[in-house]
Amino acid sequence: MLNYGVPPNKIIYANPCKQNSHIRFAAEKGIEMMTFDNVDELLKVKKYHPNAKMVLRVVTDDSNSLCKFSIKFGASPSAARELLGKARELGINVIGVSFHVGSGCFASSSFRDAVLVARNIFDIGKEYGFDFTLLDVGGGFPGSDSEKISFGEVCEVLRTAVDKYFPPNVRVIAEPGRYYSASAFTLATNIIARRIVKRDGSDDGVVGLDDHPSFMYYVNDGIYGSFNCIMFDHQHAYPKPLCKNGQFFFDNGMNGETEFNCSVWGPTCDSLDCLTKNTLLPELNVGDWLYFDEMGSYTICAASEFNGFKKSNILYTNTETVELLRIAIAEQNKKMNL
């Protein structure tokens, strides 16, 4: 963040459990806001960054989330009271409260309930002489409106709860990383191998529609690469045909093409490297392409090069320009068909 020109006073070091060297670095660079949820963290801060402005992370109900964080981070209300007392004893300034309802939350009520928990901690802080002015409502926001709840719905619930339980002078910040990144990336994969599986279980390579075959497609990215989100983020992969025999079908589908039961597999030696075991796709060939929408969150950033397979390349494009071009081509095709 510092390299991008973000002022130190705009940065919050939101990891409650930090290395000593990282706390020293924050102190050297003038980064004052940091979170904590345990006594040892307060002792480290007292030693290495006594002028820090601390934010207490509290436990919230994350039962409605795909990735639950409360098992690892956050202080219970009773522990919060003890921690605030210890902070006062050490002379450490605590300026607010943070929470995280878990990544991939699918119930807006979880955000409302977490705000109520935070309100209680604000009141406890006042008992110890702290004047909290910051509320960090964390992440867990949906990445697209195709999920069970929408970003707008969550914001409305949060806005109503914050307005009801907190005064106007409390600064509210959030961590909507998935919302910004998920839909920004579309992943294209090349079919590097194909296996035809007939109904009777044979794989003699001879296919006919009467056999009702299924297809196993092997692509050049997998769960050890960009699709690690299947393992670590509980995501599902929904492949769509992008290109067949040099003809592109993006957003248009392959209307009229017979679809078959298919599975899609990654390139590594591991049999767990499966993107989806059962999906409907037309018959495709080696060299054709599939694409996957909304692949910007927890994908390539956590990819490895297991088995020697390189990480996917990132190509940047201007979506608005592409859309205008697509419309122009569609209009031209209409005129040609008149």
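Charged (D, E, K, R) and surrounded by fewer than 19 Cβ atoms within 10 Å (Cβ to Cβ): does that describe Lys10? Judged against the criteria, Lys10 is a match. Filtered by the rule that a residue be crowded, with 16+ Cβ neighbours inside 10 Å and at positive phi, segment 101-154 gives Gly102, Gly104, Gly138, Gly140.
Annotation note: of Ile31, Ile23, the sole residue that is assigned to a loop (DSSP other than H, G, I, E, B), at pLDDT 95 or above and either of a type in the set (Lys, Arg) or over 24 Å from Ala114 (Cα atoms) (or both) is Ile31. Note on segment 106-143: among residues that are assigned to a strand (DSSP E or B) and hydrophobic (A, V, I, L, M, F, W, C), the one that is nearest to Ala182 (Cα to Cα) is Leu135. All conditions in (1) within 20 Å of Phe99 (Cβ to Cβ); (2) in contact with a Leu (Cβ under 7 Å, 6 or more places away or on another chain) hold for Lys46, with the sole exception of (1). For segment 238-252, filtered to residues that are modelled with pLDDT under 85 and over 13 Å from Leu284 (Cα atoms), the residue that is surrounded by the most Cβ atoms within 10 Å (Cβ to Cβ) is Phe250. Report yes if Cys229 is out of contact with any Pro (no Cβ under 7 Å at 6 or more places or on another chain), over 11 Å from Leu275 (Cα atoms) and surrounded by 18 or more Cβ atoms within 10 Å (Cβ to Cβ), otherwise no. Criteria not met by Cys229. Across segment 66-105, what is the number of residues that are in a loop (DSSP other than H, G, I, E, B), hydroxyl-bearing (Ser, Thr, Tyr) and touching a strand residue (DSSP E or B) at 6+ places or on another chain (Cβ under 8 Å)? Adding up the residues that qualify gives 1. Among the residues making up segment 45-64, those that are in contact with a helix residue (DSSP H, G or I) (Cβ under 9 Å, 6 or more places away or on another chain) and either surrounded by fewer than 21 Cβ atoms within 10 Å (Cβ to Cβ) or not assigned by TED's automatic domain parsing to the domain that holds Arg88 (or both) are Lys46, Lys47, Tyr48, Pro50, Asn51, Val59, Asp61, Ser63, Asn64.
For segment 16-51, a residue qualifies if it is farther than 17 Å from Asn93 by Cα and free of Cβ contacts under 8 Å to residues at least 24 places away in the same chain, and the qualifying residues are Gln19, Ser21, His22, Phe25, Glu28. Consider segment 124-144 and keep the residues that are at pLDDT 95 or above and of a type in the set (Phe, Trp, Tyr). The one that is nearest to the chain's Cα centre (by Cα) is Phe132.
If only residues of segment 305-332 that are in contact (Cβ under 8 Å) with a residue 12 or more places away in the chain and among the polar types (S, T, N, Q) are counted, the one that is surrounded by the fewest Cβ atoms within 10 Å (Cβ to Cβ) is Asn307. Counting only strands (runs of 3 or more DSSP E) that sit wholly inside segment 145-237, those with at least 3 residues that are modelled with pLDDT of 90 or more and among the aliphatic types (A, V, I, L, M) are 187-197.
The values are calculated or read from the model by the stated rules, or taken from the named source; none is laboratory data. Here the structure is a predicted model, which is why all the values come from computation and not from measurement. Every residue, glycine among them, receives a Cβ derived from its backbone with ideal geometry; neighbour counts consider all protein chains shown.
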